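The values are calculated or read from the model by the stated rules, or taken from the named source; none is laboratory data. Only a predicted model underlies this, so the values are computations on that prediction, with no experimental measurement involved. Don't worry about glycine lacking a Cβ; one is built from the backbone with ideal geometry, like all the others, and counts go over all protein chains shown. The area values use the complete protein model at the heavy-atom level, side chains included, leaving out ligands, DNA and RNA. Shrake-Rupley method; radii C 1.70, N 1.55, O 1.52, S 1.80 Å.
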Protein chains: 2
Amino acid sequence: MVRAGKDGAAPGESVAMTSPEPVEGMAGDQRLRGLVGYSLKRAYYRFQSDAARVLEGFGLRISTYSALVVICDNTDLRQSQLAQILSVERSNTVVVVDALEQAGLIARHRVPKDRRSYALRPTRAGRQLCDRASAALDQHEDRILTDIDPAERAELLRLLQRMEAAAVSREDP
Amino acid sequence: MVRAGKDGAAPGESVAMTSPEPVEGMAGDQRLRGLVGYSLKRAYYRFQSDAARVLEGFGLRISTYSALVVICDNTDLRQSQLAQILSVERSNTVVVVDALEQAGLIARHRVPKDRRSYALRPTRAGRQLCDRASAALDQHEDRILTDIDPAERAELLRLLQRMEAAAVSREDP
DNA sequence: TATTGTTATACTCTATAACTATA
DNA sequence: TATAGTTATAGAGTATAACAATA
């Protein structure tokens with residue numbers, strides 16, 4: 001029972017990434033499906049593991065890719081600004097910036113006016129890789145969302161951002 | 001946790017949970033905002049940290065709560081079925097089921113016909129807590145999604161599930 | 001005193017492999 | 001041999017505290 005076509009998990013794909021084939025005669029996760037948070041989580045994990053696989057081909061992770069994009073788009077960014085934009089802790093940006101620097105994709109430049117901080121700048125290789133990875137990621141999203149038309153996709157983006165903003169506004173007790 | 005007096009961050013909330021106030025004159029994360037995956041991630045983290053806070057009041061985490069719901073809704077579930085339904089590895093269900101059992105919310109019953117597996121059953125306390133936590137979580141989602149009307153919310157759920165399914169179907173390269 | 005970057009640490013979630021006991 | 005549950009472990013992401021250099 002339970003196992004329809006997929007035997008123990010196809011060689012190369014994990015069980016956890018298998019689609020939730022409903023167990024016959026069981027409710028399964030139907031009750032949880034009513035929660036936006038649950039479907040959000042499932043969609044997110046699926047989506048990000050695919051995105052991670054795409055970026056792996058460029059030697060990037062999701063964290064390093066998104067930092068690289070922000071550094072490319074904001075001239076002479078400080079690390080604490082990077083942290084704020086991406087909503088990660090300052091301390092956690094260090095390893096990401098280290099990785100980008102060691103890969104020769106960005107450089108830390110000293111700021112004369114404030115010698116505590118660095119100005120982050122992409123190298124030419126960094127800009128090039130950023131553009132190539134971005135194109136691949138766009139293509140990837142187009143493929144994944146192929147049966148969701150542009151209007152729906154725009155609506156989806158809009159709803160996700162409203163949800164995030166709504167949750168933010170509920171921060172205070 | 002959450003702690004009111006940490007040093008760097010604004011008193012009350014961590015930097016990471018701070019809203020992404022656009023740094024003036026900068027592009028910020030605008031380019032990333034075009035990616036569904038990025039907004040999906042941001043919405044997800046915001047959402048789940050809120051949900052985790054709600055469940056904390058019941059002594060539950062997201063993982064234990066969702067397992068409890070599935071166990072309540074599927075009679076005499078096996079652990080591997082639980083894993084399949086929730087799309088987690090079998091090995092990772094063990095600690096979750098342990099936690100639920102130790103909290104007196106479920107019990108492992110031996111199955112005479114197959115002594116390798118357990119039949120998971122909720123206790124009365126487990127069912128009660130499940131219902132109370134579910135109600136609280138529903139309320140929480142209603143609050144968060146207060147400015148998203150029911151039609152939009154249904155559309156959101158539908159799109160999220162289509163996205164997940166779409167990503168699934170792209171598993172085989 | 002406050003801020004920037006940093007280090008160290010811990011906790012969670014996820015993934016993999018290998019073991020045991022049953023089948 | 002195959003499966004159910006288990007153990008151990010490793011990797012990422014995230015969060016907190018404390019420190020040095022600088023403001």
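If you stretched the chain out fully between A:ASP149 and A:ASP131, how much longer would it get, using 0.36 nm times the residue separation minus the C-alpha to C-alpha distance?
Difference between extended and current length: 4.0 nm.
Considering amide H positions built from the backbone, and no H for Pro or chain starts, which residues 5 or more places from B:ILE106, or on another chain, come under 5 Å of its amide H?
For B:ILE106, whose amide H was placed from the backbone, the distant partners under 5 Å are B:GLU101, B:THR123.
Which residues in the stretch B:116-156 have a backbone N closer than 14 Å to a point placed 7 Å from the Cα of B:ALA107 along the Cα-to-Cβ line?
Hits in the stretch B:116-156 for B:ALA107 at 14 Å: B:119-127.
Only counting protein heavy atoms at a 1.4 Å probe, give the residues of the stretch A:114-150, ordered by number, whose accessible area falls by 10 Å² or more when the other protein chains are present relative to the chain alone.
Residues of the stretch A:114-150 that lose at least 10 Å² of accessible area once the other chains are added: A:ASP131, A:SER134, A:LEU137, A:ASP138, A:GLU141, A:ARG143, A:ILE144, A:LEU145, A:ASP147, A:ILE148.
Once phi is turned into ³J(HN,Hα) by the Karplus curve 6.51 cos²θ - 1.76 cosθ + 1.60 with θ = phi - 60°, what whole-Hz value does each residue of the stretch B:72-87 show in order, with x for glycine and proline?
Result, rounded to whole Hz: 5, 8, 10, 5, 6, 5, 8, 5, 6, 5, 4, 4, 5, 4, 8, 6.
How many Å² of accessible surface get buried when A and B come together, counting both sides, probe radius 1.4 Å, rounded to the nearest 100?
7500
Quick check: at a probe of 1.4 Å, how many percent of the accessible area of the stretch B:55-135 sits on carbon and sulfur atoms?
Roughly 48 percent, rounded to a whole number.
Compute the accessible area per residue over the stretch A:31-121, keeping the other protein chains in place, probe 1.4 Å, unit Å².
Ligands and nucleic acids excluded, the result is 47 Å² per residue.
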